[in-house]
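The values are calculated or read from the model by the stated rules, or taken from the named source; none is laboratory data. Note that the structure is predicted; figures quoted are calculated from it, not measured. Here Cβ is always computed from backbone atoms with ideal geometry, including for glycine, and neighbour counts include all displayed protein chains.
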């Protein structure tokens with residue numbers, strides 16, 4: 001299932017949950033009520049499937065509603081350096097793997113919806129993008145084992161970990177470069193595990209200016225989703241709706257060589273196999 005939070009003028013512009021379904025080749029949004037997506041998923045999939053089947057024919061067009069971030073996480077936890085880079089033939093690709101994930105946080109002010117533009121701050125002169133798979137926690141997780149970790153996942157969505165490298169380089173901790181307002185666009189929907197499939201077998205791509213700048217499979221990640229959920233839950237309780245963003249692959253060599261910081265007017269699309277696309281536009285701040 002593709003599950004969303006949305007607002008519609010016909011519904012009084014109040015946030016509701018919904019399911020995106022294709023009817024006669026067109027995407028529509030079936031209303032699922034005011035409960036959050038983690039609350040709906042906690043009740044089981046059978047009521048959701050029944051509601052979707054009953055409401056699909058009369059559902060409004062997806063293009064007629066405004067999507068919000070699919071969840072409002074209490075915590076946004078992110079990984080750095082979780083994809084292996086290219087190595088020459090004959091070299092062990094795991095030789096430089098770290099022993100533990102590099103974990104940092106993005107604060108709640110960073111969260112943005114899939115249609116929200118990102119303001120390029122006047123004080124930031126090296127804004128960059130990172131296309132990532134975001135894991136959505138569905139069941140409370142504390143001290144869970146790797147074998148049970150995926151049972152605590154509600155689904156997957158897409159996060160653009162927007163970052164300003166100049167602020168990131170100012171100090172050993174990354175928070176100031178990662179936590180400008182709106183620097184975590186999320187969406188467009190939550191894809192449930194039955195439809196998302198194996199999280200260690202997805203192609204992650206980023207497109208900028210019509211050019212693919214990132215293209216790499218999650219098969220090359222150092223730490224699996226199951227490991228990361230288990231690892232983080234050994235320190236903190238993961239609550240329904242929490243987000244774990246699983247890191248970004250390196251830019252392709254040509255893209256790295258021609259890279260320039262993001263400016264107002266730019267747009268970046270993150271597309272992930274079986275999860276869809278998240279396009280973020282960048283704008284200038286108030287004069």
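Tabulated data
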{"item": "Pairs with Cβ under 6 Å, 6+ apart, first in segment 1-14 and modelled with pLDDT under 85, second surrounded by fewer than 17 Cβ atoms within 10 Å (Cβ to Cβ) and in a strand (DSSP E or B)", "result": "13/7"}
{"item": "Set 192, 281, 213, 248: member being more than 22 Å from residue 110 (Cα to Cα) and touching a residue at least 60 places away in the same chain (Cβ under 8 Å)", "result": "192"}
{"item": "Candidates 151, 143 - the one that is within 24 Å of residue 5 (Cα to Cα), assigned by TED's automatic domain parsing to the domain that holds residue 95 and surrounded by fewer than 20 Cβ atoms within 10 Å (Cβ to Cβ)", "result": "151"}
{"item": "Scope segment 214-255; condition over 30 Å from residue 39 (Cα atoms), in contact with a helix residue (DSSP H, G or I) (Cβ under 8 Å, 6 or more places away or on another chain) and crowded, with 20+ Cβ neighbours inside 10 Å; matching residues", "result": "214, 249"}
{"item": "So residue 211, is it assigned by TED's automatic domain parsing to the domain that holds residue 167 and either over 17 Å from the mean Cα position of the chain (by Cα) or buried (at least 21 other Cβ atoms within 10 Å of the Cβ) (or both)", "result": "yes"}
{"item": "Failed condition for residue 123, given (1) outside any strand (DSSP E or B); (2) in contact with a strand residue (DSSP E or B) (Cβ under 7 Å, 6 or more places away or on another chain)", "result": "(2)"}
{"item": "Segment 163-178: number of residues that are in a loop (DSSP other than H, G, I, E, B), in contact (Cβ under 8 Å) with a residue 60 or more places away in the chain and out of contact with any strand residue (DSSP E or B) (no Cβ under 6 Å at 6 or more places or on another chain)", "result": "1"}
{"item": "Residue that is surrounded by the most Cβ atoms within 10 Å (Cβ to Cβ) [pool: residues in segment 14-43 that are part of a loop (DSSP other than H, G, I, E, B) and touching a strand residue (DSSP E or B) at 6+ places or on another chain (Cβ under 9 Å)]", "result": "36"}
{"item": "Selected residue [in contact (Cβ under 8 Å) with a residue 60 or more places away in the chain and farther than 27 Å from residue 3 by Cα] from 263, 208, 271", "result": "263"}
{"item": "Residue ID - farthest from residue 141 (Cα to Cα), chosen from residues in segment 44-103 that are surrounded by 11 or more Cβ atoms within 10 Å (Cβ to Cβ), over 22 Å from the mean Cα position of the chain (by Cα) and in the same structural domain as residue 153 (by TED's automatic domain parsing)", "result": "87"}
